[in-house]
Amino acid sequence: TPVRDLSGRKVLLCEDNAMNTEIAKAMLESRGLVVVCAADGREGVQKFAASQEGEFSAVFMDIRMPVMDGREAARAIRALNRSDAASVPIIAMTADAFAEDVAKCREAGMNSHVPKPIDPRLLFGELDRLVK
């Protein structure tokens, strides 16, 4: 059960698979979130960098993507010289849910991860926990 109303909050979804993007987008929009999509890590970093400070409440990051993978993209977002770059919650979405994969996500500056296939309860549980 959703703990609070997140409707109107904007999130960045970085995912290269069109089907996964549609599923995650529909899931997030069902809670009233506004979803901006990026097809790879570099595009995700560019969209975050071009946004207003504080515009995104969270970033969902697929790990395996072309051009720039999710860990590189998370590091690049964390390295941006702006107030929200260090604090925005970055949630990995990955089929690689072994302990070492989770550790690598944390090392890259991610706050959390949700295993694929995505379980909406887990996804929203993390969102509720991490979004200030």
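Inspect region 78-96 for any residue being under 20 Å from T21 (Cα atoms) and polar (S, T, N, Q) and give the result as yes or no.
yes
Looking at region 29-58, which of its residues are of a type outside the set (S, T, N, Q) and either at positive phi or part of a helix (DSSP H, G or I) (or both)?
E29, G32, G41, R42, E43, G44, V45, K47, F48, A49, A50, G54
What about E29, is it under 19 Å from E126 (Cβ atoms) and without any contact (Cβ under 8 Å) to a residue 24 or more places away in the chain? Working first, answer last.
Working: under 19 Å from E126 (Cβ atoms): yes; without any contact (Cβ under 8 Å) to a residue 24 or more places away in the chain: yes.
Yes, satisfied.
Looking for something farther than 20 Å from R82 by Cβ, in contact with a strand residue (DSSP E or B) (Cβ under 9 Å, 6 or more places away or on another chain), outside any loop (DSSP other than H, G, I, E, B) and touching a residue at least 60 places away in the same chain (Cβ under 8 Å) - is there at least one such residue anywhere in region 3-21?
yes
Which pairs turn up if I take residues in region 43-69 that are under 25 Å from G125 (Cα atoms) and open to solvent by 20 Å² or more (accessible area, probe 1.4 Å) and look for partners that are among the hydroxyl-bearing types (S, T, Y) and part of a strand (DSSP E or B) with beta carbon separation below 8 Å, at least 6 apart in sequence or on another chain?
Pairs found: R64/T94.
The values are calculated or read from the model by the stated rules, or taken from the named source; none is laboratory data. Since this is a predicted model, take the numbers as computed values, not measurements. All Cβ positions, even for glycine, are placed from backbone atoms using ideal geometry, and neighbour counts span all protein chains on display. Surface accessibility is based on the protein's heavy atoms, side chains included, excluding ligands, DNA and RNA. Shrake-Rupley method; radii C 1.70, N 1.55, O 1.52, S 1.80 Å.
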